[in-house]
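Read-outs: derived from the displayed coordinates by stated rules, not from any lab. Remember, predicted model here, so these are calculated numbers, not experimental data. Neighbour counts run over all protein chains shown; Cβ positions are idealised from the backbone, glycine included.
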């Protein structure tokens, strides 16, 4: 799997005109990001861009490579949600029926937990990133040639205690297939069909190892005692189905009113257990690895920062999820021998520049303008009704220090808050005296990023208008809104 570097990608594109969203198709067709086969972009479930390239179509199944790992993590999460699988269960428990886990080379793997495998902090010595995946010396190829993949992984040397070190391992991820088999009595393909793909309307699907010759020429007989397809790779899906998986995570585990995954599982999956503070594999702040998901923080050409969570497979098969923007971006490609600007550069320079956050309940809280003293706003967005209510605490323009406050109320339209601004008069402290609302003007709340909103306003009663830059005081939109 290629390790993306979003910061480098941004640096490379700064000397060029940022690719407009309108020009994205032309850039992909021209090979600016390699041999891209499909790109899909959705925001809050609305598809903004869906194009297929180089003979590909919406019906085509694609070998998604290590995106399979993230799907495997979802299956483990479903089994965990159903009470069938615990995170503290050990390989000794789960593989004891197949191998003598308390003896020989197996013994120091017996205490590794399900969670440590998900985190890729298993302690098994493994380096598949330094050698091309097609090289027979790559440990993935050695595992494939071994005749028993589970046995190969479980008898590898260790170079750290369980939980002590990050080591990205397709071999360790392959063990998730046994987790599903042992806990549910079903193979991962059957369990996925019943509990994930079926509910999401995903299909057809296919399981086959990668081969230069394409579908129908790769491995389909799986050399493990259960004869189950590996959850380290081997899954084939349509690009639209990858989008559904990304949107499931974006929506907190809900799909069409049905809970598939616990939101707490998604939060755990997107927690950086490995990062620049404890692993040399991550040199950039904000980068890390969760439960078979990668994590990054990027800056776009408008100097806005975003958290990115992504499932990534060799050859540029990627699901990018940006919760703060409500955004999912899917790419499938044949970038197996490509070393130029990749889909991370496409995301930063070609997509993010033209995407704005939409006002929703994640913007609820207190806001202020750093340029003004002791003045601020409270904001409440009611997603169910598409309504925004805000209070503006300020002063008169006389310089007397007399306080003044406004009520701002209106609708969320196309992601911004279109409000009427009311001034109040009357009322007595702690008394029931009537308060009169007078229409003072109108305004618009426009989100800039997770922590910044602008208010444009114009008065109907006074010769005043302007723009107020607001900064968040409370709350955050780091996590997806609660879906239930």
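Order the peptides 344-356, 256-268 from the highest to the lowest mean number of other Cβ atoms within 10 Å of their residues. All intermediate terms of the calculation are to be shown ahead of the outcome.
Values: 344-356: 23.5, 256-268: 16.5.
So the peptides 344-356, 256-268, ranked by packing, come out 344-356, 256-268.
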Check your understanding: Which of the peptides 155-162, 230-237 is most tightly packed, and how do the rest follow, judged by the mean count of other Cβ atoms within 10 Å per residue?
Key -> 230-237, 155-162
Revision key, fill the gap. The helix 67-81 Cα axis meets the longest alpha-carbon principal axis of the chain at an angle in degrees, between 0 and 90 and rounded to 10, of 80
Point to revise | Between segment 176-205 and segment 79-136, the alpha-carbon center distance in angstrom | key: 19
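Go through 378-387, 34-43, 179-188 and give me the packing order, highest mean Cβ count within 10 Å leading. Walk me through the intermediate numbers first.
Details: 378-387: 14.4, 34-43: 22.5, 179-188: 20.6.
Result, highest mean Cβ count within 10 Å first: 34-43, 179-188, 378-387.
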Check your understanding: When the helices in the chain are scored as -39500 (n - 2.57) per DSSP H run of 4 or longer and the sum is shared across all residues, what 222 nm value do you end up with, to the nearest 500 deg cm²/dmol?
Key -> -5000 deg cm²/dmol
Review point. Ranking 437, 61 by Cβ neighbours within 10 Å, fewest first, what do you get?
Key: 437, 61
Revision key, fill the gap. Put in order of increasing Cβ neighbours within 10 Å, starting from the fewest, 406, 429 give 429, 406
Review point. Can you put 62, 289, 452, 122 in order, fewest other beta carbons within 10 Å first?
Key: 452, 289, 62, 122
